[in-house]
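**Student:** So that we are looking at the same thing, I have put the structure below in structure tokens.
Rule-based calculations on the coordinates, nothing more; no lab input. Bear in mind that the values here come from a model prediction, so they are computed numbers and not experimental data. Don't worry about glycine lacking a Cβ; one is built from the backbone with ideal geometry, like all the others, and counts go over all protein chains shown.
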Amino acid sequence: MRQALLLAAIPAAFGLGLLADRIAPAVQAQAPAIEPMIIDLAALTNGEIGNVVPGLGTIRTRTLVALPQGTMSVATGNAPKHTHADANEFQYVVSGSGTVWLGDQQRPIHHGDLIIIPKGTVHGGSVPTAGEEIKIFAVKMPPQARDDFHPVP
């Protein structure tokens, strides 16, 4: 009798496992796997970063990591002044210097600066120092939705 119950319990548990998988998908399926690696951001060329994004000024951007909690990317060029309603942004100046709009002011930036941009804050409109190009490493939390780019005159 005990052996019969045990034998019956195995297919029942398997069936419940299949049902639970359909009702509550695994968390791992929602988050892409990331690999350990080292990326020399300063050495990335414009060609390696990517083409100019249509409608976003002269900005080139390459997503390096995309997770449900946030994204990490590298960018060069100039995005027009804009806001994000739902994404906080953190930018680290990898190379270059110049100015960038932050809030209602154009502020100087240089290699090594960390720019903290709470959601809803006007930013963009970078102007590099003559002969330089500004390269930025950006983290957005939560990830920026496709429609969360709001140009500001």
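**Student:** Suppose the filter is in contact (Cβ under 8 Å) with a residue 60 or more places away in the chain and surrounded by fewer than 19 Cβ atoms within 10 Å (Cβ to Cβ); does residue 74 pass it?
**Tutor:** In short, no.
**Student:** For the stretch 100-110, how many residues are over 19 Å from residue 40 (Cα atoms) and surrounded by fewer than 17 Cβ atoms within 10 Å (Cβ to Cβ)?
**Tutor:** Residues in the stretch 100-110 being over 19 Å from residue 40 (Cα atoms) and surrounded by fewer than 17 Cβ atoms within 10 Å (Cβ to Cβ): 6 in total.
**Student:** When residue 50 is evaluated against the numbered criteria (1) touching a residue at least 24 places away in the same chain (Cβ under 8 Å); (2) more than 19 Å from residue 151 (Cα to Cα), which criterion, by number, is the only one it fails?
**Tutor:** Checking residue 50 against (1) touching a residue at least 24 places away in the same chain (Cβ under 8 Å); (2) more than 19 Å from residue 151 (Cα to Cα), the one that fails is (1).
**Student:** Could I ask something else about it? Is it true that residue 76 is within 18 Å of the chain's Cα centre (by Cα), among the polar types (S, T, N, Q) and under 22 Å from residue 44 (Cα atoms)?
**Tutor:** So residue 76 passes the test.
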